[in-house]
Amino acid sequence: MSGRTIDDDAVPAADIGAAPDEDTFLLAAIRGTHPPGGAGLPGPFAHPPAPPDAVPSLLRQATDRARALLDAADIGTVDTRPATVGPTGAGTANALSDTVDGRAAGLRATPADLPTAPDAASVLEPPVRRPAAASRPPGPLDPALPRRAGPPPHDRRTRWQRRYVAALVGGDAAVGLLAGLLAFGLRFGGDVTAYNRPYVLVSLLLPAALVTVMAMAHAYERRFLYVGNDEYHRVIRGGLGLTAAAAIVSYAFEIQLARSYVLVALPAATLAVVLSRFGFRKGLHRYRARGRCLRRVVVVGHELAVIHLTRQLRRERFHGLKVVGTCLPARHDGQVGLPVYGTFDDVAEAVESAGADTVIVLSCPELDGQALRRLAWQLERDDVELIVASALIDVAGGRTTIRPVDGLPMLHVDHPRLDGGARVVKEIVDRVGAAVLLAVSAPLLLGVALAIRCHSPGPALFRQVRVGRTGRTFRIFKFRSMYTDAEARLAEVRHLNEYDGVLFKMREDPRVTPVGRWLRRLSLDELPQLLNVLRGDMSLVGPRPPLPEEVAVYPDDMRRRLAVKPGMTGLWQVSGRSDLPWEEAVRLDLRYVENWSLTLDLVILLRTATAVMRSSGAY
């Protein structure tokens, strides 16, 4: 029939060009339009619309043809209702009503196995009843969006994570063996006798015992690794548990263990595990700084929240989260500096298209508990990690617990521990630690003081008024790193301030002496603050000690920093120091005040050593 027209007027193909197929011609006859390629041609293509009495017949033919197309594609059935023809003879598209099942999505996607004839849905334009959104198969995303090639994200993530956990197990076993041998050597020397031969066996079994207690303390679970303090919490808990178990077993079975051996082996093993894991973590952070061992993240939320989170994650890469795309609300401008993979309903498809293995959901009213539950079910299939970011966690992360109330999960926030027994322990650690460090570093302090006096006139120490806990002022001690007339020359360089807060910071400050520049780079100018710690004015770890003019312009929330003693080092110092914006420095100080713990202090002290070696932000 493709070579003939409706009125059987044969027209040679060579005279009219490529003739349209019968489906297109039927539609043209119903609509009263010319089919493609028929404009200006003789024969029926130049005829006016079909007369009204011919429309029902043409409509039946079109319906039969559409049903044949759907059956051929194995898509569904077409139910027809009586056609309604207007008085002008124009056939209407609402003469047909398709009821298409879930496979109709394949027709909309124009798969390659469909015939080349015009698509039935586009020809007849019927209203389609779609399935529910939860069961709707994912539609095609914009082909211009970046897509990730290679192995599945889950395989890429678990591969390096397995290697990392295996390295932790091997490291714990190695340090356990070294701790046992160290304790044996200190207690018995190098000779093996009949008396100390059992301790050789104990030293050889210590690695297995150490790995076992670390596993029981969940120190190898991936949710506690890579960042944060939970890993160190669990290592210390495991070490204390091993010490307690050794004491109980030796007492219950009347095993005569040398107390000196136990007091050396177990604490040394615990401390060595903490240090080795810190070393492993720093190595992982170096890998991540080079773009390896990263999680590919799709962020779900509103534009401003997405921009803020992305800026934070891009500042430091040690967390291992690389934002590769976002899903925004239905009404958005898309100006977030990231590929936009769709709306909140397209998260599962966006994860697959972007090759992501993690989804971060920000606080937004559109995503309630039910929506998050459905999203978790969709991500569960491919083992994609779901992270819900809350503004409350940044302030009270360690003090939040979920407790059911009448079947409803409630997030309870405990008050921060600003007083009590833990604070007493912190005071003791501060005073003892400052005294020990002063005694150890006394030759270094003397050498620095002599270098300052030899290279520039004036005193070696610099005293300045700072604000401490509860607003009490004190005089801070530092090595002088500037010329003695630095305060008088401040007006000359104030317009060159490179800091966005009330402080004055300048990378190439001409008031800094050559020796002072070297002292600042190595943070040696702050060593005299150990005297303030010993006197009780400061702590080893805490917020940065502010100037009185800073405190004078503090808003109410910033005054929370004065609830604890200022410290020689803190989150602000180990996170970039002067390279951080003022708001970020304040946020980190508030975070420390709200989430203080002895373990956090230990982690900050360990990070201070690496921050000093990097010298980033020290000027």
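The values are calculated or read from the model by the stated rules, or taken from the named source; none is laboratory data. Nothing here was measured: the structure is a model prediction, and the numbers come from that model. As a convention, Cβ positions derive from the backbone with ideal geometry for all residues, glycine included, and neighbour counts pool all protein chains shown. Only protein heavy atoms, including side chains, enter the accessible area calculation; ligands, DNA and RNA are left aside. Shrake-Rupley method; radii C 1.70, N 1.55, O 1.52, S 1.80 Å.
Here are the numbers:
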{"read-out": "Label point 7 Å beyond Cα of V388 along Cβ direction - residues of the stretch 295-321 with amide nitrogen under 15 Å", "value": "300-301"}
{"read-out": "Kirkwood Rh in Å, taken over the stretch 509-619 so that all alpha-carbon pairs contribute", "value": "14.6 Å"}
{"read-out": "Rounded to whole Hz, the Karplus (6.51, -1.76, 1.60) HN-Hα couplings of the stretch 413-420, x for glycine and proline", "value": "10, 7, 6, x, 8, 8, 9, x"}
{"read-out": "Approximate spin-label separation R507-A435, in nm, with each point projected 7 Å along Cα-to-Cβ", "value": "4.4 nm"}
{"read-out": "Kirkwood estimate for the stretch 224-337, i.e. one over the average of 1/r between Cα atoms, Å", "value": "17.8 Å"}
{"read-out": "G342 long-range amide H proximity, modeled H, under 5 Å", "value": "L328"}
{"read-out": "Efficiency of FRET from Cβ geometry, L418 and S363, R₀ 41 Å, rounded to 0.05", "value": "0.90"}
{"read-out": "Amide proton proximity set for M482, modelled H, under 5 Å, gap of 5+", "value": "T513"}
{"read-out": "Karplus 3J(HN,Hα) series, Hz, for the stretch 229-242 with 6.51 cos²θ - 1.76 cosθ + 1.60 (x for Gly, Pro)", "value": "9, 4, 4, 5, 4, 6, 5, 5, 4, x, x, 5, x, 5"}
{"read-out": "Accessible surface ranking that places the most exposed of F504, F474 first, with a 1.4 angstrom probe", "value": "F504, F474"}
{"read-out": "Efficiency of FRET from Cβ geometry, A552 and H218, R₀ 56 Å, rounded to 0.05", "value": "0.75"}
{"read-out": "Label point distance in nm, A609-R472, each placed 7 Å from Cα along Cα→Cβ", "value": "3.3 nm"}
{"read-out": "For the stretch 297-312, Karplus couplings with θ = phi - 60° (6.51, -1.76, 1.60), whole Hz, Gly/Pro x", "value": "10, 10, 9, 10, x, 7, 4, 5, 5, 5, 5, 5, 5, 4, 5, 5"}
{"read-out": "Local net charge near L606, Cβ-Cβ under 14 Å (Lys/Arg +1, Asp/Glu -1)", "value": "+3"}
{"read-out": "Cleavage-rule hits (trypsin sites (Lys or Arg not before Pro)) in the stretch 410-485: DSSP loop, at most 16 neighbouring Cβ within 10 angstrom", "value": "R417, R472"}
{"read-out": "The stretch 219-291 and the stretch 495-566: distance between their alpha carbon centers, rounded to Å", "value": "35 Å"}
{"read-out": "Sum of side-chain charges, R187 neighbourhood, beta-carbon under 15 Å (Lys, Arg +1; Asp, Glu -1)", "value": "+1"}
{"read-out": "Cβ-defined net charge surrounding Q529, 12 Å radius [Lys, Arg +1; Asp, Glu -1]", "value": "+3"}
{"read-out": "Accessible heavy-atom area order of T484, T326, T343, highest first, probe of 1.4 Å", "value": "T484, T343, T326"}
{"read-out": "Amide H contacts of L321 (H built 1.01 Å from N, under 5 Å, at least 5 apart or other chain)", "value": "R295"}
{"read-out": "Residue-level accessible surface for V202, protein heavy atoms, 1.4 Å, Å²", "value": "60 Å²"}
